[in-house]
Amino acid sequence: MALAGRAALRWGARLPSPGPAAAPLCRQPWLPAACGRPYSSRGKEEIDMSTYPVESIRNFSIIAHVDHGKSTLADRLLEITGTISKTDRNKQVLDKLQVERERGITVKAQSASLFYNHEGINYLLNLIDTPGHVDFSYEVSRSLSACQGVILVVDANEGIQAQTVANFYLAFEAQLSIIPVINKIDLKNADPERVEKQIEKLFDIPTDECIRISAKQGTNVEKVLQKVIEKIPPPQCNTADPLKALVFDSTFDHYRGVIANIALFGGEIAKGQKIVSAHTKKRYEVHEVGILTPNEQPTHKLYAGQVGYLIAGMKEVTEAQIGDTLFLYKQPVEPLPGFKSAKPMVFAGMYPIDQTEYNNLKSALERLTLNDSSVTVHRDSSLALGAGWRLGFLGLLHMEVFNQRLEQEYNMSVILTAPTVPYKAVLSSAKLIKEYGKDRITIINPAQFPDKFSVSEYLEPTVLGTIVTPHEYIGKIITLCQDRRAVQKDLLYIDENRVMLKYLFPLNEIVVDFYDALKSLSSGYASFDYEDAGYQSADLIKMDILLNGNPVEELATIIHNDKAYAAGKLLCERLKETIPRQLFEIAIQAAIGKKIIARETLKPYRKNVVAKCYGGDITRRMKLLRRQAEGKKLMRKIGNVEVPRDAFIRVLKRETDK
Amino acid sequence: APCPQWPYCRKRCSYCNFNTYVVPAVDEAAVRSCLVREAQTLLRLSQVHSVTSVFFGGGTPSLASPGTIAAVLEAVAGAAHLPAGAEVTLEANPSSTSASALDGFRAAGVNRLSIGIQVRGALPAAAAAAPRGPIVTVLPPQSLDDAELRMLGREHTAAEALKAVEAARGLFPGRTSIDLLFGLPGQSRDAWAQGLEATLRVCDDHISLYQLTLERGTALAAQVRGGALPAPPQDLLADMYQTARNVLVAAGFRHYEVSNFARKGALSTHNLSYWQAEQYIGVGPGAHGRFVLRAEGGCGREARVQTLEPVAWMREVQSQGHGTRSRAVLSPLEQLEELLTLGLRTDEGITHKRWGHFSPQLSLQAVFGEPGEARALQQEGWLVLDNGGLRCTWAGLAVLDSLLPDLLWQLQRV
């Protein structure tokens, strides 16, 4: 799972030995110096899990918009149940990657089993973590499928945000019990009443069902635990059934291999058993099972309804794919529904800034993907940028986090090209259909774009976006959405001041700078979230960039017809700024087929000679000239036009946040 | 050719990023003895027999007393042969070149003056090897327009500049050079053309003509970057340069280097020695040199830089005879790269003979006559390779910096 590595860090428990793979993760500058085990183990003796029958088990998640207090609440629950000591203050918020905080990715807190006595009964409460962003909606749905209920946390000051809405519907559609919790009531501007009304209006939950808490101060947190026991039903399964275990997360440990997080939907599992993956059909012998407290604590067995971990000699995270079902060898069961392989939605080229760094970057990529099987990696090379990779990500934020982890954990600076989305074409040409062996193809590389005469329809991916904003920004936001070819699906006042908008966006319209634009025109107050909404028909064309009539392969783009003129003009202007003047005139053109849609002219040098060159000046001057001569090696020649690598980087590079 | 540097100025000009120092009182006696000592030491190390030229640059060397100039020249003559006709140039600032001061410099041995409207910050340099005559350059008037002079932060007025040029021509007839600057923020093509005409009426037989370079860290560059002054457009600068070339050539000047014009054979021997990659010895704070250390049995040309900061430089000279801060032996390729970069700046270009001196095995023809960048540049009309050697065409000279990376890249591959 995408953020598994981070999860381990947050709880400091998943990296028990500083192996070569683990070590770099453990010494990041943004982590506190001590990255050992902040939480003490509950002791060496193994717990007898058979004392927790299904009726005394509750499996639940906490879901929330970023910074609404999910992690703090989780910490309090762990403290109250004695899972971690109270002196271990929760400082995780400070540890978060900047991008996660900005972009609304709640870092995965690791799943944990809590023991709690309520009215004389010992309960086993499994807090199952979910990644907090819709990029990982598939993973979230798998985690939720191991739960029977959720705690929906909403900030008493900020109220419902876009991600609150998305999370609610995920839980609602999974038919889970929902416990609404209004957090941060200790804040000066807290207005829990208003938030309760929002919840009632939007989610149809009576206001009196909301629990007002301050996770920070511990106020009413105990009440949340009681509600979990009362309101969330125990899992419906039977230990007498054959083993049926859902893999809902996995991480990689350098010494022990893959550690899979599992939820038992039937039967029991113990060391020494032979198990089979329904997806890969591979057979394994169970080395170890246990629960997470949140450190791994081995147990003799795990029983139906329980949640824990399993180590079974799996060498790669791809062997423990999220959503997969495990069963006993020779006792196959019907796999749990809903399994699918990770499907990248956003692609970007990644190249080392300096080609001599290629091997270092390669090994950093290999290590990072050990823990993140959802990133697809294909070797790629560009005449301009050299050898690199084309990476597929689940979404934009996934890409941001991945890139930031490369930089922070592996000290790798890379060129990441502007992201693109996978388009599709429905072929009409019999010849092409025969060639591809199918009539519907996915296009990632513009070079493969089939022309309109052999295509009956082009398709582009779409997402359903949710925006929650104070109402004063609504006009600007609607204009922004229209500019992005979005279609309004809903507009709802969730209270007097706040509006929720739903738009169907073409995915490519939000992959580059939509979020930044939204944040800047709403002074940071609007929140945004989106979910996959399938493909729609689109008037797509391939736009070429020509230098003195010669096409530049790496600048070709697939684009919507309506956007071609503006995009072509912008690209030509940027190229004019970045290509150095040469000894002859250069025509920079954007073209669709044979039709030129934009043109800039770069005039030739008429004078380019340094005025003064005497003895004293020559050393510095030679250094500069040698560097320029050296640069000739890296120049990409398009016809007779020399284009420095820098120019490509500046044009192709993803614009980072302003 | 020794090039002693006088690093002090009375005032820093707004466009200057040279190694110059404005100090209230210069201990001239101390500086003088250090210049003398360093000149002696370095000339001894080089074992140069004869000096072709001496160039006093700066700073504002005309702020030094004639006695200092005389002392350095005596030291040069004492350490090597300094022929009577050797060119001894002094860069001079119009505001420090009264007739009497100039007379004093002439008596000290200066025989050529370069008058700058802009004054640089270095004391003398001397050219060694095949002896001809040393040169004196008087630092130039740069402009004959008071408003332009004020923008440049110059101390003098146009009238003073004219007077200085007149005085200099009286004392150094045929051996007075004028520096002119163009491409000043806000300067129009017409203003420049008029300035040129005015200059032609008063000038002697040598003109250096520089496009103003906005050097990082200078007051002028900051004003342009901050928008207080307009940045001159590229096309206007090209026009101004072409105008000047045409006007000066029409007036009988030979355009013998990118920025230098001479008539009646009044070429600067000293500066030519740079462009022909001769040996030169830099004396004084921040001075650069290129020579072979024969005294240490060296046979490779060395690049040497003297300590920048005057006080530190003096301390070093006093303790070890010279203030060399860095030394690097130039590889044969590096020497050829310098020859190419410098030689192509002249109208003569790089002769086969000179190339052969640095590259006895591989001829110019072998390097640049084969298919490659140089051949293409010849076909496009920027470059000529013939019996005379390798040189730029009239058009090519104006875009030399676009040709050099290609040529160097071709040279590196041989």
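The values are calculated or read from the model by the stated rules, or taken from the named source; none is laboratory data. Predicted model, so just to flag it, every value in this text is computed and none were measured. Note that each Cβ is placed from the backbone with ideal geometry, even for glycine, and that neighbours are counted across all protein chains shown. Side chains are part of the model used for accessible areas, which takes the heavy atoms of the whole protein and leaves out ligands, DNA and RNA. Shrake-Rupley method; radii C 1.70, N 1.55, O 1.52, S 1.80 Å.
Straight-line cross-link reach from residue A:274 at under 25 Å between alpha-carbon atoms covers these lysines, not counting any fewer than eight positions away in the same chain: A:244, A:282, A:301, A:315, A:330, A:340. Taking the longest Cα principal axis of chain A as reference, the axis of helix A:70-80 is set at about 20 degrees.
Which value results when the Cα radius of gyration for the range A:542-652 is divided by 2.2 N^0.38 Å? Walk me through the numbers on the way to the answer.
Details: Rg = 16.7 Å, N = 111, 2.2 N^0.38 = 13.2 Å.
Dividing the Cα radius of gyration by 2.2 N^0.38 Å gives 1.26.
For the range A:423-538, taking Cα atoms only, Rg and Dmax work out to 18.0, 59 Å respectively. Within a straight-line Cα-Cα reach of under 18 Å, residue A:603 can be paired with the following aspartates and glutamates, leaving aside sequence neighbours fewer than 8 residues apart in one chain: A:573, A:577, A:585, A:642, B:235, B:239, B:380, B:401.
Just the number, please: carbon plus sulfur as a percent of the accessible area of chain A, 1.4 Å probe, no ligands or DNA/RNA counted. Carbon-and-sulfur percentage of accessible area, whole number: 49. Under 5 Å from the amide H of residue B:257 lie the amide H atoms of B:347, each residue being 5 or more positions distant or on a separate chain, with H modelled from the backbone and absent for Pro and chain starts. To the nearest 10, the accessible area of residue A:472 is 120 Å² with a 1.4 Å probe.
When A:136, A:172 are compared by accessible area at a 1.4 angstrom probe, the order from most to least is A:172, A:136. With θ taken as phi - 60° and the Karplus curve 6.51 cos²θ - 1.76 cosθ + 1.60 applied, the whole-hertz 3J(HN,Hα) list for the range A:293-308 is 10, x, 5, 5, 10, x, 10, 4, 8, 10, 10, 3, x, 8, 10, x Hz, x standing for glycine and proline. Legend: residue pairs A:502/A:569; A:184/A:502; A:576/A:632, Cα-Cα distance threshold 25 Å; pairs beyond threshold, A:502/A:569; A:184/A:502. Here r is the Cβ-Cβ distance between residue A:274 and residue A:117 and R0 is 22 Å; the resulting FRET efficiency, rounded to 0.05, is 0.05.
In this structure residue A:223 has an accessible area near 110 Å², from a 1.4 Å probe over the protein heavy atoms.
Across the range B:332-412, C-alpha contacts under 8 Å between residues 6 or more apart give a mean separation that, scaled by the residue count, equals a relative contact order of 33 percent.
Pairing chain B with chain A buries about 3400 Å² of accessible area. This figure sums both sides and uses a 1.4 Å probe. Just to confirm a number: summing +1 for Lys and Arg and -1 for Asp and Glu over residues other than residue A:555 whose beta-carbon lies under 11 angstrom from that of residue A:555, what do you get? Residues near residue A:555 contribute -1 overall.
When Cβ neighbours within 10 Å are restricted to other protein chains, what is their mean count per residue of peptide A:626-634?
On the way: counts 8, 1, 7, 11, 4, 2, 8, 3, 0.
That works out to 5 on average.
Among the GluC sites (Glu not before Pro) in the range A:574-658, those placed in a DSSP loop whose Cβ has at most 11 other Cβ atoms within 10 Å are A:585, A:655. Positive-end ranking of A:526, A:537, A:503 along the dipole of the range A:423-538, with charges on Cβ about the Cα centre, is headed by A:537. Normalised by the number of residues in the range A:349-389, the mean separation of alpha-carbon contacts (under 8 Å, six or more apart) gives a relative contact order of 53 percent. Direction-averaged shadow area of the convex hull around the Cα atoms of the protein assembly as shown, nm²? The directionally averaged projection comes out at 52.9 nm². For residue A:114, the residues whose amide H sits under 5 Å from its own are A:125, A:126, A:127, ignoring neighbours fewer than 5 places away on the same chain, with H placed 1.01 Å from N. Within a straight-line Cα-Cα reach of under 16 Å, residue A:343 can be paired with the following lysines, leaving aside sequence neighbours fewer than 8 residues apart in one chain: A:424. For chain B, the carbon plus sulfur part of the accessible surface works out to 52%, probe radius 1.4 Å.
Legend: calculated FRET efficiency, residue B:334 to residue A:512, from the Cβ-Cβ distance at R0 = 51 Å, rounded to 0.05, equals 0.65.
Measuring heavy-atom accessible area with a 1.4 angstrom probe and counting protein chains only, the residues of the range B:384-414 that give up at least 20 Å² relative to the chain alone are B:398, B:399, B:401, B:402, B:405, B:406, B:408, B:409, B:412.
Please arrange B:268, B:402, B:331 by accessible surface area, largest first, computed with a 1.4 Å probe and ligands excluded.
Details: B:268 0, B:402 25, B:331 45 Å².
So the residues, ranked largest to smallest area, are B:331, B:402, B:268.
Taking a ≥ b ≥ c as the square roots of the Cα gyration tensor eigenvalues, chain B comes out oblate, since a/c reaches at least 1.5 and a/b does not exceed b/c. Along the axis of the charge dipole computed for the range A:233-297 (Cβ charges of +1 for Lys and Arg, -1 for Asp and Glu, origin at the Cα centre), the listed residues A:266, A:255, A:277 are led at the positive end by A:277. For the residue pairs A:70/A:476; A:70/A:197; A:476/A:563; A:197/A:476, the alpha carbons lie more than 23 Å apart in A:70/A:476; A:197/A:476. When DSSP assigns beta bridges and you keep just the ones with both residues in chain B, what percent turn out antiparallel, to the nearest 5? Taking every DSSP beta bridge with both residues in chain B, the antiparallel ones total about 55 percent.
Kindly provide log₁₀ I(q)/I(0) values, in the same order as q = 0.13, 0.15, 0.20, 0.26 Å⁻¹, from the Debye equation applied to equal alpha-carbon scatterers of the range A:244-328. The Cα Debye sum returns log10 ratios of -0.32, -0.43, -0.81, -1.51.
Taking only Cα atoms and a 10 Å spring cutoff, compute GNM fluctuations for chain B and point out the largest among B:255, B:357, B:49. Among B:255, B:357, B:49, the largest mean-square fluctuation in the Gaussian network model of chain B belongs to B:357.
Quick check for you: with a 1.4 Å probe and neighbouring chains kept, what is the accessible area per residue of chain A, in Å²? Could you put the intermediate results ahead of the total?
Details: 27090 Å² over 658 residues.
Result: 41 Å² per residue.
Based on protein heavy atoms only, the range B:317-409 ends up with 43 Å² per residue of surface accessible to a 1.4 Å probe.
Just the number, please: percent antiparallel of the DSSP beta bridges in the protein assembly as shown, rounded to the nearest 5. Mind dumping the intermediate values first?
Details: 142 of 187 bridges.
Expressed as a percentage, antiparallel bridges in the protein assembly as shown total about 75.
Rounded to the nearest 10 square angstrom, residue A:315 shows an accessible area of 150 square angstrom against a 1.4 Å probe.
Taking only C-alpha pairs under 8 Å that are 6+ residues apart, what is the relative contact order of the range A:272-313 in percent? Provide the component values of the computation, followed by the final result.
On the way: 62 pairs, mean separation 15.3, N = 42.
Relative contact order of the range A:272-313: 36 percent.
Each Lys and Arg contributes +1 and each Asp and Glu -1, all at the Cβ; summed about the Cα centre of the range A:542-652, the dipole is approximately 480 debye.
Heavy atoms only, 1.4 Å probe, whole protein assembly: order A:142, B:304, B:263 by accessible area, highest first. Before the final figure, lay out each step's value.
Values: A:142 30, B:304 5, B:263 55 Å².
Putting A:142, B:304, B:263 in descending order of accessible area: B:263, A:142, B:304.
Positive contributions from Lys and Arg (+1) and negative ones from Asp and Glu (-1), summed over other residues with Cβ under 10 Å from the Cβ of residue A:376, come out at +2. Between residue A:255 and residue A:577, the distance separating the two model label sites (each 7 Å from Cα on the Cα→Cβ line) works out to 5.3 nm.
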